[in-house]
Amino acid sequence: MFAKATTNLVSEIDPDGSLIPVRRLNDSDKLSPLALVIKRNRFWFWQRPKYLPTGFTLNDLLTGNQTIEPVVKVTDFLKYSGTFGDKMGTLVETGVGVANVSLEGRSSAKLQSSFGSLRKEELDVRKLLQDSKHKVLDLEHDLMEQVREQRRRVFGLVRERVSTVQECVVCEEVEDSGTCSGLFGVLTPAKIKVSVKQSGNLEYDSNVSLTIPANTTLLYSLIELEVKANGQYELCLLQDFRGGFESDSDSVDTVEKGELITVSMGTGLHSHKGPLLTDLEGVCRQLSPLACEPAGTRTALLQRLSELMEERVALDHLEQALEDLCSGVTPDLGSLDQDLKAQVMSFLELLPQAEGGQTDTSHTPLLTAAHLLVSALDEMSDEALSALSCCSPPVLQALQQLVLRLASEGACSPIDPALAQEEVFQRVKRLFAASAVNLLREEGTLKAGGGVLTGHLPLVMGIAVTGLAALGGSR
């Protein structure tokens, strides 16, 4: 609930900016100015980075008795209100006030949030630049060694954070539920409501509630660090400049600085994102090994994924395990509890190349295809996964063709019979809405509002649909 509330807040007030939502309430205390956060750049170019608060600050890693006393400016942040769903409207006012986010309309899932007054704390970066001159990081510190050993990980400093001023409560309420035909199970759209607790009076209607204390960090931004081979460091002040670690050859390793993997090149490096249709055509080729597996294996893989779509933490660990295998690294599952480990292994055991965590077959097409599919699912929102998990194999086949047609022409006619039923169409419409696409039905034609599909979220949806359709198809 906390992650949903913070994610929705940042998506509305800073969708293309630098603010990062706090995913776990327990991480809030680890995000003070100068705190160190590990940024994990991902395997595929369309994957968003993941951020891991460490509990350490920059001062903890400086050598000797060197310390930096940060200068922090504290201001009131903003006043915000909005309504989202089938009908959308927003209002943003900077300055003192109350932050409100609400979603209402015909949709069965509604979101209403009010975090109260929000406060922003921001580092004086000019002062930080001066104080950082001649400072040296301890390259033998345990945290430093562990991060340097991991691929695609860089350090970031907390530059600013947005926090609550008073206590508030996140409430999750199930409005209604509906059964889904096909392989997967039950859809239960939920309502998230965040309200401020003042003078001991609290009004909400929910099944589950979570109290958020005052002074809880909701959002933050980072300055990445470029760490030199001698321990000195530079601050990457512009978003186009990436952090990393300098090698002993006096050149910063480009992979460690964040160059990302493309769909079309597998384990190659590429920085250009081609048209969505071109990417999807490449996706079809890379996911084709899934369709070549025996029918029993494909059915089992599809069933495992349907279960993992409801287990976000397990899905994340599975994605990391597959990334390790594709990178030639043995996955470290020893730190997982038994239930999580069993969920991850239940999928890996169905892949012959992954059984036992072998790394000598790291570039097999099947492993790459499985990693590509799971990465796309892990990238999707809970709302998108909920809608997608209810799709039967015939619907998945029809969805794959629909996505390709919308990516090439912006419209699809006639409508596939598998998508014609009202219940199925509404489910598909929710899936597209969660992928930033307004799906319209007009006189026997399905259209994408805004024309031909483009962008990050439609690409991720297309990858997920194509992979699941490959598992659900008949050969």
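Contact map, region 327-353: residues that are at pLDDT 90 or above and part of a loop (DSSP other than H, G, I, E, B) paired with residues that are surrounded by fewer than 12 Cβ atoms within 10 Å (Cβ to Cβ) and not hydroxyl-bearing (Ser, Thr, Tyr), Cβ distance under 7 Å, separation 6+ or inter-chain. Pairs shown: GLU349/GLU355.
If I filter region 261-283 for residues that are modelled with pLDDT of 90 or more and among the acidic types (Asp, Glu), do I get at least one hit? No. Taken together, the residues in region 354-390 that are within 19 Å of CYS292 (Cβ to Cβ), at pLDDT below 90 and either out of contact with any Leu (no Cβ under 8 Å at 6 or more places or on another chain) or of a type in the set (Asp, Glu) (or both) amount to 3. State whether the residues of region 5-18 include one that is modelled with pLDDT of 90 or more and either in a helix (DSSP H, G or I) or farther than 25 Å from GLU323 by Cβ (or both). No, that holds for no residue.
Scanning region 440-464 for residues that are closer than 24 Å to LEU372 by Cβ, among the aliphatic types (A, V, I, L, M) and surrounded by fewer than 21 Cβ atoms within 10 Å (Cβ to Cβ) yields a count of 2.
Selection within region 371-405: residues that are in contact with a Phe, Trp or Tyr (Cβ under 8 Å, 6 or more places away or on another chain) and of a type outside the set (A, V, I, L, M, F, W, C). The member of this set that is surrounded by the most Cβ atoms within 10 Å (Cβ to Cβ) is SER375. Among the numbered criteria (1) in contact with a Ser or Thr (Cβ under 8 Å, 6 or more places away or on another chain); (2) without any contact (Cβ under 8 Å) to a residue 40 or more places away in the chain; (3) buried (at least 16 other Cβ atoms within 10 Å of the Cβ), which one does PRO414 miss? Among (1) in contact with a Ser or Thr (Cβ under 8 Å, 6 or more places away or on another chain); (2) without any contact (Cβ under 8 Å) to a residue 40 or more places away in the chain; (3) buried (at least 16 other Cβ atoms within 10 Å of the Cβ), the lone unmet condition for PRO414 is (3). No other residue among THR90, THR75, THR164 is modelled with pLDDT under 80, more than 30 Å from GLY328 (Cβ to Cβ) and out of contact with any Cys (no Cβ under 7 Å at 6 or more places or on another chain) apart from THR90.
The values are calculated or read from the model by the stated rules, or taken from the named source; none is laboratory data. Remember, it's a predicted structure, so these values are computed and weren't measured experimentally. Backbone-built Cβ (ideal geometry, glycine too); neighbour counts: all protein chains shown.
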